[in-house]
Amino acid sequence: MISNDVQNKLVDNYISYTSHVCTNNKVSHSYLIELNDCEKDFHYVISFVKMILFSCTYRDIDSMDKLVVDLIDHNNYPDFRIIEPDGSYIKKNQLIDLQNDFSNKSLFDNKRIYVIKYADRLNLSASNTILKFLEEPAPDIVAILVTENRFKIIETIQSRCQILSLKNDNICFDESIPSELVNIFISPVLFFKKYNYFLNNYFSDKETVRNYFSSIENFFIAFVEFKMFNNYFEIFSSYDILNLTDIDFVIKIITSIESEFLKLDYNVNLKLWLDNFFSILLIGG
């Protein structure tokens, strides 16, 4: 178990990251937030909801209108819903009701947010229903799935969510990711310099691309979370280039994967999709 000091740094990084995406209008369409305790730590999720709705930082929450805060805290805000298990499971009809509620326009011309608490308790039909909702996200709807163990959630749902973890007993990425693959996200020009090599060895088909990009996204999310953790920074020692990387650019990589990944299935030409993706990183690097 990681010490309280490291847990506090996890919380600090979570607050810093969520404040950054909200104030810079980089909110993703879906998040999977992993907590140590869904009841005790749920206030972190509610704070994130407030920050999204009002494009504010964590520090600004206390200055918000008290009536609005009270509505959100009690799940009575019109554009905010919390879904919890009905008995042992979250059921399909609960999500269908949610979709029907969110089919109407926002009352406040703002984002609409739904939170699925204990998302690992989605039954099979509910998982398939929410998966369809995540695959075709409306631009003004944000999904937040909350769990105490994200590995209990099916991989197809995980892959469509940006993962934020406040768990203090694991580091959430595949440590076998080749450093040369990480490096082309940090320095996209390397992708074009060895274009055929990367196409043949890592990006030969869409399924392989999905797997590598999902692993890379989780890697960079973990890096953001552990950027300031001196006791654990050696985990990234084989990826030396990360020591020189601007954290804002790392966040850009994460958000670029998130936004461009949705276009992969609709792009017939895989090479063209890859060219476009790394060009976006190259321009922003």
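Among the listed residues D101, D97, which satisfies the condition of being out of contact with any Gly (no Cβ under 7 Å at 6 or more places or on another chain), over 20 Å from V49 (Cα atoms), assigned by TED's automatic domain parsing to the domain that holds L53 and among the acidic types (D, E)?
Only one candidate qualifies: D97.
Quick one: would you say F54 is without any contact (Cβ under 8 Å) to a residue 40 or more places away in the chain and either among the aromatic types (F, W, Y) or farther than 14 Å from V146 by Cβ (or both)?
Details: without any contact (Cβ under 8 Å) to a residue 40 or more places away in the chain: yes; either among the aromatic types (F, W, Y) or farther than 14 Å from V146 by Cβ (or both): yes.
The answer is yes for F54.
Can you pull out every residue in the range 112-137 that is of a type in the set (A, V, I, L, M, F, W, C), more than 24 Å from K40 (Cα to Cα) and free of Cβ contacts under 8 Å to residues at least 60 places away in the same chain?
Correct list: L124, A126, I130, L131, F133.
Can you name the residue in the range 138-177 that is charged (D, E, K, R) and under 16 Å from Y44 (Cα atoms) and is also modelled with the lowest pLDDT among such residues?
Result: K167.
Which pairs have Cβ atoms under 8 Å, sit 6 or more apart or on different chains, and link a residue in the range 267-282 that is in a helix (DSSP H, G or I) to one that is of a type in the set (G, A, S) and at pLDDT below 90?
Close Cβ pairs (under 8 Å, with a partner that is of a type in the set (G, A, S) and at pLDDT below 90) amount to F277/S256; I280/S256; L281/S256.
Being of a type in the set (G, A, S) and closer than 23 Å to L35 by Cα is the filter; apply it to the range 70-123 and report the residue that is farthest from the chain's Cα centre (by Cα).
Looking only at the range 70-123, we keep the residues that are of a type in the set (G, A, S), and these are 87-88, 103, 106, 119.
From the residues that got through so far, the ones that are closer than 23 Å to L35 by Cα too are 87-88, 119.
Working: G87: 28, S88: 26, A119: 15 Å.
Out of the qualifying residues, it is G87.
Could you check the range 187-223 and list, in sequence order, the residues that are of a type in the set (A, V, I, L, M) and more than 16 Å from E258 (Cα to Cα)?
Within the range 187-223, V189, L190, L199 meet the criteria.
Read through the list (1) at pLDDT 90 or above; (2) in contact with a helix residue (DSSP H, G or I) (Cβ under 8 Å, 6 or more places away or on another chain), then give the number of the only condition that Y195 fails.
Only one criterion in (1) at pLDDT 90 or above; (2) in contact with a helix residue (DSSP H, G or I) (Cβ under 8 Å, 6 or more places away or on another chain) is unmet by Y195, namely (2).
The values are calculated or read from the model by the stated rules, or taken from the named source; none is laboratory data. This one's a predicted model, so the numbers in the text were calculated from it and none came from an experiment. All Cβ positions, even for glycine, are placed from backbone atoms using ideal geometry, and neighbour counts span all protein chains on display.
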